[in-house]
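Take a look at the structure below.
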Amino acid sequence: MRRGAPWAIGAALVVVAGVAVALTPPDIALTQAFSIHGGEGDAVTGRTLTAQVRDAAFAERVSTGDWEADGNWLVVSVAASAPQTEVDAAVILAALEVGDRTFHASERVRDSLLGTALRVGTDTVGMLAFELPADVDAGDADLRLITSYSTPQLDDVVVLPLSLDDLPSEAEIEIVAPEWEGF
Amino acid sequence: MRTDETPGAVRRVAAGSGRALASLGAPLWAAILFATIIAAVFVGFGGLRPASASPTEIGVDEEARTSLYAVTVLDAETTDAVEGRMEADPGETLVVATLRVENLSDRPIDIGGSVDRVEARLVNTAAPLLALVDAEPTDYARSWRTDGSPGTVVLQPDVPAVVQIAWPVPEGSLADGILRLDVHEPEITTGKVILSSDHISWDRGDLVARIAVPVEPS
């Protein structure tokens, strides 16, 4: 065996080890949620939720009843229903992913879609309000709707794409309580 | 005595030393030079200075900034009750601080709890990131927004919020009329064995600043 052969074999093994490490999924991959994606405006169905974005707009102020708050708000109107069972059927957590940042639908807003009981076969249309920093006013976003208090493990999450480009901007949007569609 | 041999001996020794140094080779010289530069940079940036035991002291309306959050105390008071929010038990008083807090991370955080497996631990743990000095809370602190918003306080990334935090403390605490609040750098830890791997905790790190503001009795 030539003198350089052990070095070459050693270097090759190091490279193989590096590739193996790079290709090994992280621990979180073992339990992470299954994202169910749809096209923009599509109705998407997961194990516990069917949802569709109906409308979206930026607002400088949101209000509900006697409460109001200024800021850079994104208000999304969503139609949602339960695909199989009405037991515990509700959007509990709504997350908007924009670039590297994640925002949750504001806990400040009463009468949003959060926590509203959903029905099988009947859409409930409600609003989600996201309080965003001033620099978030364009680009692509993903709306992730979750029916538990935190992102589930090994379960479906409905992901609705949303383009923030060219969304209308309004001075004020009043958050209207969710309603059944068609009634 | 043979004094005429001394210059030749010196020349031989010098020549030997030169050969010995030359025999060290370029890699060793490069290593020595590299180590010297590293040592110079280390010393130059204060690596040998004694660690500071006293944090930076700041006052009202001055911001303490960490890598993941920023906090500014706007005012502080002691009271027996905050209408609709909290009441002090007998023998206790409430220390209520109004703060502007900004979440500098990329995920929402809950001031007093956890949200979607992120536990920020600003208050209400054995080692909170915002820690009262000279007063030991007797129970959990509570927090709320000052504009009457309902629900717990969840801070969205890069969206500052004005909140109040109330700590129940033994009556007679803060006898000098000064609220001192230690601000700690968070250290991110993720779940390993007991907690899931996507559970994130902000654990207490180095002390960044001590905020001292006068307390107004209500």
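Summary of values
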{"read-out": "Residue that is under 14 Å from the mean Cα position of the chain (by Cα) and under 27 Å from B:N103 (Cα atoms), where the choices are A:V78, A:V98", "value": "A:V98"}
{"read-out": "Filtered residues of region A:64-90 (kept if of a type in the set (V, I, T) and surrounded by fewer than 22 Cβ atoms within 10 Å (Cβ to Cβ))", "value": "A:T64, A:T85, A:V87"}
{"read-out": "Residues of region B:49-79 classified as of a type in the set (A, V, I, L, M, F, W, C), in the same structural domain as B:T98 (by TED's automatic domain parsing) and over 30 Å from B:G172 (Cβ atoms), total", "value": "2"}
{"read-out": "Pairs with Cβ under 7 Å, 6+ apart, first in region A:152-178 and within 14 Å of chain B (Cβ to nearest Cβ) and closer than 15 Å to A:D142 by Cα, second surrounded by 13 or more Cβ atoms within 10 Å (Cβ to Cβ) and among the aliphatic types (A, V, I, L, M)", "value": "A:V157/A:A33; A:V157/A:I36; A:V157/A:I146"}
{"read-out": "Pair list, Cβ < 6 Å and 6+ apart or interchain, from region A:27-46 residues that are part of a strand (DSSP E or B) to residues that are among the acidic types (D, E) and surrounded by 12 or more Cβ atoms within 10 Å (Cβ to Cβ)", "value": "A:F34/A:D156; A:I36/A:D156"}
{"read-out": "Any chance A:A79 is over 15 Å from A:A177 (Cα atoms), in contact (Cβ under 8 Å) with a residue 40 or more places away in the chain and either within 14 Å of another protein chain (Cβ to nearest Cβ) or in a strand (DSSP E or B) (or both)", "value": "no"}
{"read-out": "Any hit, region A:120-133, residues being exposed (fewer than 14 other Cβ atoms within 10 Å of the Cβ), away from chain B (no Cβ under 11 Å) and not in a loop (DSSP other than H, G, I, E, B)", "value": "yes"}
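Conditions (1) part of a loop (DSSP other than H, G, I, E, B); (2) crowded, with 20+ Cβ neighbours inside 10 Å; (3) more than 14 Å from chain A (Cβ to nearest Cβ), marked per residue:
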{"position": "B:V95", "(1), (2), (3)": "no, yes, yes"}
{"position": "B:R121", "(1), (2), (3)": "yes, yes, yes"}
{"position": "B:D147", "(1), (2), (3)": "yes, no, no"}
{"position": "B:P150", "(1), (2), (3)": "yes, no, no"}
{"position": "B:I165", "(1), (2), (3)": "no, yes, yes"}
{"position": "B:D182", "(1), (2), (3)": "no, no, yes"}
{"position": "B:R204", "(1), (2), (3)": "no, no, yes"}
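The values are calculated or read from the model by the stated rules, or taken from the named source; none is laboratory data. What you see is a predicted model, and the numbers here were worked out from it, not measured in a lab. Glycine gets a Cβ as well: all are built from the backbone with ideal geometry, and neighbour counts include every protein chain shown.
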